[in-house]
Every structure is written in C-alpha cells, then in structure tokens.
Amino acid sequence: MFLVHPEYNLPHMVFGVTDTARYAQAFTIAIATIVVVIGLWIALSYLTLADRPRSQRVLVALTEPIRKVTLNWMKPRMGRQSTYTEKDISEFHWTNGLPPTKDESTEWLAHRDSGFRDWRLEHGGELSGKTLQLSLGDLRQLPKTEYIAVHTCMQGWSATSKWAGVRLRDLLEVLGPPPEGANYVMITSHGLAQEMWDHRPREPSYAVLDLDTVAEDDTILAYERNGHPLEVHLGAPLRLRVESNHGYKMVKWIKSIEWITDYAAYGDGRGGTREDAAMQAFNGRI
C-alpha cells in the first residue's frame, strides 16, 4: 500500500475515498496503527512470558465461556474412528517426550528390561477404597477395541496408526460402580514432567479426564500399535488414547489410574501436567 500508487490507495483503504488531498492524513493513520500494533505485540509478549500462569488464567476465562456456547456441546469429530484404513497408516509415528530415565523411574526401567513381565497397573485409588494390580495379561482378558486414528499434536504434526487396547470405561467397571463423589479420572505416568515454568523439581506426569470423555468409545488404554506390542518410545507398556482430544492429554508409560473428586486438589489444580505448565487449558478437544 506504500509502494503502489499510495496517494490513491491509502485514502481508499483508510477513508474509502480516492481523494489525494487526504493522503497525508491516511499515511499518518496507517503509520500510527502499525506503531500501536507493534507496541501491543511487544507489551503482550512481555506480559505473557513474565507470568505464564496468569496469562493462562486470563485466556481460559475469556475463551472457555465462548467454547462452551459454540463448540463444547457438539460431539468431537474424532470421538469415533470410522474413516481411516490400512492404507492411511503412517510409515513413522513421531512423539513428544522421551521414555523415563534412571532419574525418573528405576521401576519402569526394570520393567522395560524384563519385557514388562512383572509390570502392574495400579487401578483404583483412595476414593475407590481399594486398588487392584493388573498385569498386561489381565488387561488383554478384557474386551479389546481396535481402530485406525490420526494423532494430532498442538505443535502442528500428525500421524496415523492402528491402536488396540481396552476401553477406559470397561477397565473402570472392573472396580464396580463409580464411588460417590467421582467426577474425574486421573491417569499418572511413570515418567516425570518436562521442566515446569517456574523451574521447580520435576513431578510425575499426569492428565485428568471428565466423565464424558471417559465414556467415549475410542478413549482406550492402548497396549498395541499396528498389530504389535506398543513401542517403548510411544508409551509402553500402556498409554492413553483419547481420540477426541489433542495429544497432550494422552499419558504415556502409565503407572496408575484412579477416580478423583476434583482435579484442583492435584498438581497446580489445572487438570494435568501440560495445563500446570501453563501450556494448555483443561479442554483438550480437537
């Protein structure tokens, strides 16, 4: 707009006229607007990076009411997998994060080295009043669910795989009806969180799901991918798949699953490790 006939284009863009006598006014307004936009960009960048949790609280408060009215009432388009076939499977499946190290979980490393023969899923928790120890063999005795799905990451990459495992709702039924006050399910990893925003000591990685998400047909605990046992770098021996949500909700290297009343009582009270890191909101819907 500054290079091609600016004496006509700038007044036309700013005032809707081609009066060249107003060129100086239009030029001044255009430059002032650019300066204001750059100034706001610098100020907002500083404010958001200076206090990421505050920025997250403000953005969630502003955006979640809109999402509830416009989007959240709809069924997630990825909640039920029925579109993809074997020919759509990706040659390689990327992942974020690395398997637990010696500093994170010597227990998981020992299970890995023994082929997960003695690994057990802790299922239940304090709210249930009991905890079961389930092996991979026990999980394989439950009804098996298999589908081909696209994994979507908020960082912009995706990959397609055939996942197989047990529906989360079927596993929870092993304990019987939900205990009184059970409003969410928390899944915790053997691995630790990546570095947090305030550089505190690393904590176990976890995610919380609401009951509607738990009940979805394609919310599963996957122990196979593409017909083979789940690979170590993708979460072996067991990982969460929540096809209606972005990848940050899908805990890898699962250690325990339990009913909880309110996620505010865990971590920083935001519903998951990525949320506590002020990276995302609790709502992970695609």
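The values are calculated or read from the model by the stated rules, or taken from the named source; none is laboratory data. What you are looking at is a predicted structure, and each value in this text was computed from that prediction instead of being measured. Glycine gets a Cβ as well: all are built from the backbone with ideal geometry, and neighbour counts include every protein chain shown. We work out accessible area using only protein heavy atoms, side chains counted, and drop any ligands, DNA or RNA first. Shrake-Rupley method; radii C 1.70, N 1.55, O 1.52, S 1.80 Å.
General observations
- In the range 132-286, the portion of solvent-accessible area held by carbon and sulfur atoms comes to 49 percent [1.4 Å probe, whole percent, DNA, RNA and ligands not counted].
- Remark: the range 34-158 carries 71 Å² of accessible area per residue (probe radius 1.4 Å; ligands, DNA and RNA excluded).
- The residues of the range 184-263 present an accessible area of 33 Å² per residue when probed at 1.4 Å with all protein chains retained.
- Largest-first ordering by accessible area, 1.4 Å probe, given options M13, M196: M13, M196
- When volume of the Cα convex hull per residue in Å³ is computed from the coordinates, the matching label among (1) 187; (2) 127; (3) 172 is (1).
- Compared with the alpha-carbon gap, the fully stretched path from E224 to D212 is longer by 1.9 nm at 0.36 nm per residue.
- Span-rule helices in the chain, defined as complete DSSP H runs reaching 15 Å or more along the axis (Cα) with Kyte mean at least -0.5: 23-50, 52-70
- Once the Cβ-Cβ distance of R54 and T20 is raised to the sixth power relative to R0 = 41 Å, the FRET efficiency obtained is 0.30.
- Accessible area of the range 84-127 belonging to carbon and sulfur atoms, whole % at 1.4 Å probe: 49 percent
- 15 Å beta-carbon shell around K162, net charge (K/R +1, D/E -1): -3
- Charge dipole of the chain about the Cα centre (unit charges at C-beta), most positive-ward option of N183, S114, A32: A32
- Taking the protein heavy atoms of the range 1-52 in the context of the full set of protein chains, the accessible area attributed to carbon and sulfur is 72 percent at 1.4 Å.
- Whether the range 150-283 is rounded, prolate or oblate, judged on the alpha carbon gyration tensor where a/c under 1.5 counts as rounded: oblate
- Computed extension length for Y46-I29: 3.6 nm, one decimal, from 0.36 nm per residue of separation with the Cα-Cα distance subtracted.
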